[in-house]
1. Residue pairs, Cβ under 7 Å, 6 or more apart or interchain, first in region 61-84 and at positive phi, second of a type in the set (Lys, Arg) and surrounded by fewer than 22 Cβ atoms within 10 Å (Cβ to Cβ). List them.
2. Look through Val145, Val84 and report the one residue that is in contact with a strand residue (DSSP E or B) (Cβ under 6 Å, 6 or more places away or on another chain), under 22 Å from Leu66 (Cα atoms) and surrounded by 18 or more Cβ atoms within 10 Å (Cβ to Cβ).
3. Which residue out of Val95, Val84, Val68, Val59 is under 27 Å from Asp136 (Cβ atoms) and outside the structural domain of Pro165 (by TED's automatic domain parsing)?
4. Would you say Asp170 is exposed (fewer than 14 other Cβ atoms within 10 Å of the Cβ), modelled with pLDDT of 95 or more and closer than 15 Å to Tyr107 by Cβ?
5. For region 88-104, indicate whether the set of residues that are hydrophobic (A, V, I, L, M, F, W, C), free of Cβ contacts under 8 Å to residues at least 12 places away in the same chain and either closer than 15 Å to Leu28 by Cβ or surrounded by fewer than 18 Cβ atoms within 10 Å (Cβ to Cβ) (or both) is non-empty.
6. Tell me yes or no: at least one residue of region 148-165 is surrounded by 13 or more Cβ atoms within 10 Å (Cβ to Cβ) and touching a residue at least 60 places away in the same chain (Cβ under 8 Å).
7. Could you list, in sequence order, the residues of region 24-48 that are polar (S, T, N, Q) and not in a helix (DSSP H, G or I)?
8. Out of region 126-140, which residues are more than 18 Å from Gly174 (Cα to Cα) and in contact with a helix residue (DSSP H, G or I) (Cβ under 7 Å, 6 or more places away or on another chain)?
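The values are calculated or read from the model by the stated rules, or taken from the named source; none is laboratory data. This structure is a prediction, so every number in the text was calculated from the model and none was measured. Note: ideal-geometry Cβ built from the backbone for every residue, glycine included; neighbour counts use all protein chains shown.
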Amino acid sequence: MISLLWAACAAAQAGIESADERLSVTGLDITGADSLSTTELQDLRQKLVDQQESRARIVEKLRHELAVAVGNHGYLRARINVDVEPKDRIDPGHVVLQAAVQQGTQYRLRNFSFEGNHAFTSTQLQPLVPVAAMRDGDMSGLRLVYGRVNEFYHKAGFTSAKAVPHLSYDDGLGVIDLVVKIDEGVAPPSGGLPESK
């Protein structure tokens, strides 16, 4: 019975994949991403043009890459609309991506703090967050905060520690407040890091 169910699921998945055939990206047109340099736009083109993906994956990938790129410049809530157009009617499998970006408000860091950190002071943790750059509008380090803080705790033996950044937006002033909430989990045994098994 289980093998029949598995076979039915596999057949259904194959049907979905064939319905959303792989498309070949031959061009990329981006409008509205005024914060991006020519080099950044060229890097996006290199990541996407000549790729073969399903329509859904192409759209998801372009939206993600554009959100990261404009987000690095402080446009953290940009709206991105992607259209997938056939290059010509003869070969609809070759497509051109058209992305319209509404960058919206450009944010800078206003306030920053840690919560839940008991084993380490905020002063010890602060070098993990590029506060000065973020106050100047370079938000490229924002998406790295989670990983840096988690790695710091894990190396210190807090293997179940979790850090989660929380953002509050002030659209009128174009600023964000960042609170990194930390669940330190189980502390390592006194006397050092836990022994590996």
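1. Pairs found: Gly74/Arg108.
2. Val145
3. On the way: Val95 fails: under 27 Å from Asp136 (Cβ atoms); Val84 fails: under 27 Å from Asp136 (Cβ atoms); Val59 fails: under 27 Å from Asp136 (Cβ atoms).
On inspection, the qualifying residue turns out to be Val68.
4. Values: exposed (fewer than 14 other Cβ atoms within 10 Å of the Cβ): yes; modelled with pLDDT of 95 or more: yes; closer than 15 Å to Tyr107 by Cβ: yes.
The answer is yes for Asp170.
5. Looking for residues that are hydrophobic (A, V, I, L, M, F, W, C), free of Cβ contacts under 8 Å to residues at least 12 places away in the same chain and either closer than 15 Å to Leu28 by Cβ or surrounded by fewer than 18 Cβ atoms within 10 Å (Cβ to Cβ) (or both), one finds at least one in region 88-104, hence yes.
6. no
7. Initially, region 24-48 is screened for residues polar (S, T, N, Q), giving 24, 26, 31, 35, 37-39, 42, 46.
Within region 24-48, Ser24, Thr26, Thr31, Ser35, Ser37 meet the criteria.
8. Leu128, Val129
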